[in-house]
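Working notes, beginning with the structure itself.
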Amino acid sequence: MNWYIWIVAALAYLVFAAWYFNWKGPLKPDEIKLYAERFAANSSQSPTDPEILLKFMEEDDGKEFVMLNLVRFHQGEVEHPETGESSTGPELIQGYFGPFSKALFKRGGHPAVLARKKGGYIDSWNSTADEGFHIVSMMRYRSRRDLLTLATDLRFKDSHKFKLAAIDGTTSFPTHIQMSTYLRPKIWVPLLLLLLASLAQNALFFFELRK
């Protein structure tokens, strides 16, 4: 009997699902109040409009979302905020992104897209002039709760200096993916588990035939 192969595959998926999906639902009123107070306490360090943030929390649907980030780095040599040595914006941002991405991954989040700009605006009207962004990134968040928890985590307060030293300007806003030709983890992980379980079952079957 090789039923245990499928039990292992099912358990592996349950572990993945427990980590990757939001099981707590939308933000509750007391959570919204708590996060609003945390942002207000650090308002001097955050350019986020309190009203926009409050609306974002109140309209929470409990689903995943992707944060789109447009980033413009400081050009030329940049002074390292700790050592004073010469560095560059893309190098310095790793001092912030490294710790943040690890914490994001623990909460079921991960980078979805990272792209470098290859030219100026090709097609635009009734919009501002080209702001010279260098990088477009999209970060997947399991829930708005996870974003707010990370954004108000004081552990990143010290590493925030790397972000300020590296970035000259940035714009970020949440999005919901409506179409994508890329397989996302919630699709390819169960498919991979099915494939591995099938291969293991076939391998065991042929092994038993050769006995």
Note to self: Taking just the alpha carbons, could you work out the radius of gyration and Dmax for the chain, both in angstroms?
What the structure shows: 21.9, 74
Check: Taking only DSSP H segments of four or more residues, each worth -39500 (n - 2.57), what value at 222 nm results for the chain once the sum is divided by all its residues, to the nearest 500 deg cm²/dmol?
Finding: -14500 deg cm²/dmol
Item checked: Cα→Cβ-extended label distance, 7 Å offset, between Thr88 and Ala115, nm -> 2.2
Next item on the list: Give the Rg (one decimal place) followed by the Dmax (whole number) of the range 1-58, computed from C-alpha coordinates and expressed in Å.
Entry: 19.8, 64
Next item on the list: Using 0.36 nm per residue of separation minus the Cα-Cα distance, give me the extension gain between Gln75 and Lys33 in nm, one decimal.
Entry: 11.2 nm
Note to self: Taking θ = phi - 60°, what integer Hz values does the Karplus form 6.51 cos²θ - 1.76 cosθ + 1.60 yield along the range 57-71, in sequence order, with x for Gly and Pro?
What the structure shows: 6, 5, 8, 4, 9, x, 9, 5, 8, 10, 8, 8, 10, 10, 10
Next item on the list: With the convex hull built on the Cα atoms of the range 64-175, state its orientation-averaged projected area in nm².
Entry: 7.8
Next item on the list: Please work out the C-alpha center-to-center distance from the range 151-194 to the range 64-79 and express it in whole Å.
Entry: 12
Note to self: Quick check on my link table: of Lys118/Lys157; Lys102/Lys161; Lys63/Lys117; Lys163/Lys186; Lys24/Lys63; Lys106/Lys157, which ones sit more than 22 Å apart, alpha carbon to alpha carbon?
What the structure shows: Lys118/Lys157; Lys63/Lys117; Lys163/Lys186
Check: With the contact rule set at Cα under 8 Å and sequence spacing of 6 or more, what percent relative contact order holds for the range 1-106?
Finding: 21
Note to self: At most 13 other C-beta atoms within 10 Å and a DSSP loop state: those are the exposed GluC sites (Glu not before Pro) I care about. Give me the longest piece of the chain that has none.
What the structure shows: 132-211
Item checked: Additional length obtainable on full extension of the chain from Leu154 to Asp130, 0.36 nm per residue less Cα span -> 5.2 nm
Next item on the list: Fewest Cβ neighbours within 10 Å first, please rank Arg144, Arg107 accordingly.
Entry: Arg107, Arg144
Notebook entry, point to check: What percentage of all Cα-Cα pairs in the range 116-189 are separated by more than 20 Å?
Noted result: 55
Checklist line | Peptides 109-116, 174-181 ordered by average Cβ neighbours within 10 Å, highest first | finding: 109-116, 174-181
Check: Using alpha-carbon pairs under 8 Å, 6+ residues apart, how would you state the relative contact order of the chain in percent?
Finding: 32
Item checked: Full-stretch length increase - Ser172, Trp6 - with 0.36 nm per residue and alpha-carbon distance subtracted -> 55.5 nm
Notebook entry, point to check: Using Cα atoms only, what is the angle between the long axis of helix 3-20 and the major principal axis of the chain, expressed in degrees (0 to 90) to the nearest 10?
Noted result: 10
Next item on the list: When you have a sec, figure out the Kirkwood radius of the range 1-122 from all distinct Cα pair distances and drop it here in Å to one decimal?
Entry: 18.9
Next item on the list: Return the sequence-ordered ³J(HN,Hα) values of the range 191-202 in whole Hz as given by the Karplus equation 6.51 cos²θ - 1.76 cosθ + 1.60 applied to θ = phi - 60°, using x for Gly and Pro.
Entry: 5, 5, 5, 5, 5, 5, 5, 5, 5, 5, 5, 5
Check: Among Tyr96, Tyr182, which comes first, then next, by fewest other beta-carbon atoms within 10 Å?
Finding: Tyr182, Tyr96
Check: Residue by residue, what Karplus-based ³J(HN,Hα) values in Hz, rounded to whole numbers, does the range 129-144 have, using 6.51, -1.76 and 1.60 with θ = phi - 60° and x for Gly and Pro?
Finding: 5, 4, 8, x, 5, 9, 10, 10, 10, 10, 10, 8, 10, 5, 6, 5
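Throughout, read-outs are computed from the coordinates displayed, never taken from laboratory work. All figures in this text were calculated on a predicted structure; none of them were measured in a lab. Note that each Cβ is placed from the backbone with ideal geometry, even for glycine, and that neighbours are counted across all protein chains shown.
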